[in-house]
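Below is one structure, written out as C-alpha cells; the observations come after it.
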Amino acid sequence: MAKFELFKGPYNPQIAEPAVLNFWGANAFFKPEYNAVKKVVDSTADLKKYLKGNPDRRYVIIDPPPNAYGRPHLGNISGYAYQDLLGRFWRMKGKRVLLFPGKDHAGIQGEIVVLRELFRPQGKSKQNMSRKQFYEETYEYFTKTMAAALQDEKRIGLSADYDRNVFTLDPEIVDNVLSTFVKLYEANKVYKGVRIVNWCPSCKTALADIDTKKKDRESTMCFLRYPLKDSVGSLEYITVATSRPETMLGDTAVVVNPDDKRYTKLHGKTLVLPLVNREVPIITDAQVDITVGTGCLKLTPAHAAEDYEIMLRWNKQHPKESVDWINVIDPEGNMCGPIGKYKGMSAEEAKNAVLADFKALGLYEKEETISQHAPVCERCETLIQPLMSSQWFVDVAEMRDKGLDAVKSGEIVIHPKYMTKKYNFWMKNLRDWPISRTLWWGYRFPVWYKGKLETTYGEDGKVLEKISGVVVTDFADAVTKKLAIVSKTSPGEGWLQDENVFDTWFSSGQWPYVTLEKEGLFDEMYPTDALDTSYDILEMWVSRMIMLGLFRTGKIPFKDVYLHGLIKGANGQKMSKSKGNVVELDDLVNEFGADAIRMLYIIGNKAGASYRIDNEKLAGNRNFLNKLWNASRYVFFAAQDLEKPWELAEKDLPFTEEDQKMLTEARDMAKRVEKKIKNFQFGLVAVDLVQSFWHSFCDSYIEQVKNRLYTKDKEGNPINTSEEAIASRRAGQWTLWHILGIYLKLFHPYIPFITEYLWESYPKSPEESGTIMYAKWPEEGKELKQ
RNA sequence: GGGCAGUUAGCUCAGCUGGUAGAGCUCGCGACUUACAUUCGCGCGGUCAUAGGUUCGAGUCCUAUACUGCCCACCA
C-alpha cells in the first residue's frame, strides 16, 4: 500500500495525482481479471469461467482508438473521462470492468502525416522508396508515437487495461478485418465496378461522400449555347449554365423538367454539342429545377454525381433511348477521351480553351459570378473531382436496414435521443460504400490478379481494365476467366496483389469485435455495454460499427451510444491551430490537475451539448477539490478518537435532527447519482452532488456539528463532559465519518485521483477495499458497513 | 433548399413526465468563526426571444415568426 501524506496547505494535485498514478500502476486494478473479493488477479480463464452465461457480471467499453501518430486532443481526452466514469461506477457496483484501449492507423490522414513528418525531412517520398519500406518504417514510427499517446490516457485517469492496448494494424486484427472482406465477398455484398466516385486529385484516391466536406468559394457561372440539330420554329439553340465548362466535352445529353412548358416541344430533339460535334438528345427528369438557371441542365454523368443518378434513372425508364457516359478527365487531372485537340490538356487549360472557342463561335452568352459550396477532401481540402473509376463497393442495402431496425427496436439506444433522427436520416439515404483507397498505409485488399492489372481511360471515354493484357469487363468476369481471386494469402507464383487499401472506417467499423476476438474474450464480452464518442462521427463510425457488427456477428456491437459534445476554444469557436485557440492538455494539467479537467468535461454537461474550455470554471473546480481536501482532513481529525466507527450500530447512536437530515440527504444523493449515471445523465446530477457536498455538508452540517465535538473551549477548559454530550459527540463523529465515506465514493467516478488519495486515510474496516476503485457503491441498507 | 438543436439574471448555463423561476462566475455589503481566504454569511439582478393557442394554471405542451449554431443537400 502506498502511503499518501495528508500534507498541510491547499490541495496540490501535482503531489497527489502522480502518487495515485503510481499506486494504480503498481497494481492490476484496471484489469477485469482483478478479483476484488480475494484481492488477487484471476487468470483470464477463471475470468471467462466467471462471466460465462452471466453477462450481467461484466461491463465493457471499447475506447475509441485515437490516431496513433500523435497525442490525442482535448476532445479525445474528454471521451476518456466519460468512459472512465462509467467504468469506475460499474466497478464499484461489483462488475468486472474492461475499458479496452487502442490506437488507429488513421488511413489517409496517417499517410499524409508520415509523408510530411517522417519521410520528407529525410528526402524520401513514395517515388523513391518501395511500398514495403514505406510500410515498415511507418509501422515502426507509429509504434513509437503510440507510446506517447498512451501517456495522456493514463494521465487523465482512464482506468483502461493498458496491457491490452491494440493497434488497428496488429497482425491478428489485420487478419480478422480481411476475413470480413472475404465473407462480404462470399455473401455477395462487396463488388468491384466502374462507378462515379469522389476523386481527390491531391491524395489521388477515391473518397466516400462522408469523407468530403463543403467549402464556400467564388465561381463563375458560364452560359453556353448548344445548337439544335434541326431548328424548332425560330429556336436554333438552347442555353445551359455551368461553372465547369471543360466538362461539356463529356456531355451526353441535356435535361429539362418534363413539366416545363417552355421546352415541351424540344423533348426528344437532338442537339449538336459544339467543339466536339457530337449529337446528344434532350431528355427529361423531374429533378431538374425549372426556376434555376435556364431550366436546361447539361448532363455530364462521368463528372457529376447527380448527373450520374439522372442518367441511371432515365436509362431504367427508357432502355431504348439510353444515355451513356464519357469520362473526359483522368485521375491525374488531365483531359482524356474522344475530345480532339483538348486531349492531354490540364483541366484548367481545357477550361480556358473551351471558353475561348465558345466565344469564337459566338456561342458564349454571358457569365455571372456566384458563390457555391464546393466539395473538398476532408483531409487535405483539395477540390473534389468526380470521375468514373473502378473501385470496390460495399452493398449496404441489407446491412443498412438491419442497422435501422436495431435502433428503431430500441436494442441500441442513442443518447441524446434526438441524434437518433440524424442516424436514421443518414442511414436511409446511404448509398453503396466505396471502400478502396489508393494508398499505401492500411490494410491491403485480399485480392489477387494473375499478372499486372492495368486501368486506362480509353479513346472512347471508358475505363478499361486489363489483366495480363486480357480485357475484363468487371471483377466477376475476371474471376470467371481465372485472372482474379479473393484470398487472404497469395495464390502462388505470378499473382499480384490489388494495390488498394481499405477505407479506414472499414476497419474501425469492426473495432468492437476484432479487439475482443484478439483477446479471446468475444464470447464473454460481446455485445459491449456502451460506446462513447463525439457526435460528429455518428455517421462515419457508429453506423459502420452497427452495420458491420450485425453482418459479422449477427449481434449489435453495443447497447448504448453516448454521444458527447465537442470541445471549443475559449472564445466559443471550434478549436483549431489556424484560429490559435488550441489548448494543450499539459498546460491544463499543470495548472489545475486532471480531476479539475474531468470536472470541466463532465459536470453540468449533457449528451450532445458542446462546451468550451473555461479557465474560470477550472478555477472553480480546483477550489472545490480544495474544499473536499480540507473537509476530509477535518473529518479525519475530528473523528480520530472514534474507534472502529464501522463497528458502531447506527440504531444505538443518539442522532440529532441535523445528523438525520444530513444522513437523509447524502443517501438520497447516492440514489440519485446512481440513477442518473445509469441513464447517462451523469453530468447534470453532478452539479447537485457538488452543491450538496459543499453547501449542505461543509457549510451547514460541519459548522453545526462542530459545537458538539469540542472538548475544550477557547480558554482550554473542558466542555461537553456530560454523558449525554459525550454520546452526542460520538453520534456527530460517526455521522461525519459515515457521510464523508458516501461522498468520497459518489465522487470517485468523477474525480478519481483526489478520492483515491483521501481514501487511504479514511478510517475503514479491514473488509473494506484498500483502493476506492473497488469500494462498494453506497446502497440502501448496505452502505452502513463501510 | 431540407433537417436538428438552441434563444431563461451582466456572463456561462440548469430547470425530468406543466403548478406562480435556480446554480456558478461577476457585482455590492459584511465576517481573520480552533478544515479551508482556492473561505464563510447576506444581498442586487429575469414581463423565461416574439405573437397566438390548449389548460383552472405554461420557460415547461401546440402553431406561427425572428434570430444563433450545427448537419445534410442535385441550384446545374
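Structure notes:
- Between helix A:723-747 and chain A: long-axis angle, C-alpha atoms, 0 to 90°, nearest 10: 10 degrees
- The residues of region A:466-540 expose, per residue, 37 Å² of accessible area to a 1.4 Å probe.
- Listed peptides A:549-557, A:193-201 by packing density, highest first (mean Cβ within 10 Å): A:193-201, A:549-557
- Backbone amide hydrogens, once placed in the peptide plane, bring A:Arg58 within less than 5 Å of A:Arg96, excluding anything fewer than 5 places away on its chain.
- Residue-averaged [θ]222 nm for chain A, counting only DSSP H segments that reach four residues, each worth -39500 (n - 2.57): -11500 deg cm²/dmol
- Violating pairs (Cα-Cα greater than 31 angstrom) within the set A:Lys3/A:Lys93; A:Lys559/A:Lys671; A:Lys214/A:Lys366; A:Lys126/A:Lys341; A:Lys154/A:Lys189; A:Lys144/A:Lys617: A:Lys126/A:Lys341; A:Lys154/A:Lys189; A:Lys144/A:Lys617
- With Cα atoms, 0 to 90° folded angle of helix A:13-25 axis to chain A main axis: 80 degrees
- Evaluating 6.51 cos²θ - 1.76 cosθ + 1.60 at θ = phi - 60° for every residue in region A:124-129, the Karplus couplings come out as 9, 8, 5, 6, 10, 9 Hz, glycine and proline recorded as x.
- Backbone amide hydrogens, once placed in the peptide plane, bring A:Arg612 within less than 5 Å of A:Lys568, excluding anything fewer than 5 places away on its chain.
- Amide proton proximity set for A:Ile329, modelled H, under 5 Å, gap of 5+: A:Cys336
- Across region A:222-239, coupling constants 3J(HN,Hα) worked out from phi with the 6.51/-1.76/1.60 Karplus curve, θ = phi - 60°, read 9, 9, 10, 9, 10, x, 7, 5, 10, 4, 10, x, 8, 7, 10, 7, 10, 10 Hz, and Gly and Pro carry x.
- The simple spin-label model puts a point 7 Å past each Cα toward its Cβ; for A:Ala476 and A:Glu779 those points are separated by 5.8 nm.
- Region A:469-556 - percent relative contact order, Cα under 8 Å, separation 6 or more: 27 percent
- In Å², nearest 10: area of A:Phe592 left accessible to a 1.4 Å probe: 10 Å²
- Cα-based helix-to-principal-axis angle, A:397-408 vs chain A, degrees rounded to 10: 30 degrees
- Rounded percent of accessible protein surface that carbon and sulfur make up, chain A, 1.4 Å probe: 50 percent
- A:Ser243, A:Ser231, reordered so the largest accessible area comes first (probe 1.4 Å): A:Ser231, A:Ser243
- For the peptides A:324-335, A:141-152, the ranking by mean Cβ contacts within 10 Å, running from highest to lowest, is A:324-335, A:141-152.
- Remark: chain A carries a charge dipole of roughly 460 debye about the Cα centre, counting +1 on each Lys and Arg Cβ and -1 on each Asp and Glu Cβ.
- Sequence of A:Ile290, A:Ile412 when ordered by accessible area, the most exposed leading, probe 1.4 angstrom: A:Ile290, A:Ile412
- Across region A:552-565, rounded Karplus estimates of 3J(HN,Hα) from the backbone phi angles (6.51 cos²θ - 1.76 cosθ + 1.60, θ = phi - 60°) give 7, 10, x, 10, 5, x, 7, 8, 10, 10, 9, 9, 7, x Hz, Gly and Pro being marked x.
- Cα centroids of region A:393-443 and region A:318-352: 34 Å apart.
- Inverting the pair-averaged 1/r between distinct Cα atoms of region A:557-685 gives 18.2 Å as its Kirkwood hydrodynamic radius.
- Inter-part distance, region A:130-197 to region A:618-634, computed on C-alpha centroids, equals 42 Å.
- Across A:Ile108, A:Ile173, the residue with the most accessible area heads the list, and the full order at a 1.4 Å probe is A:Ile108, A:Ile173.
- Under 21 Å from A:Lys320, Cα to Cα: lysines that are on another chain or at least 8 residues apart: A:Lys229, A:Lys265, A:Lys269, A:Lys298, A:Lys462
The values are calculated or read from the model by the stated rules, or taken from the named source; none is laboratory data. None of these values were measured; they are calculated from a predicted model. Glycine also receives a Cβ, built like all others from the backbone with ideal geometry; neighbour counts cover every protein chain displayed. Ligands, DNA and RNA are stripped out before the accessible areas are found, and what is left, the full protein with its side chains, is counted by its heavy atoms. Shrake-Rupley method; radii C 1.70, N 1.55, O 1.52, S 1.80 Å.
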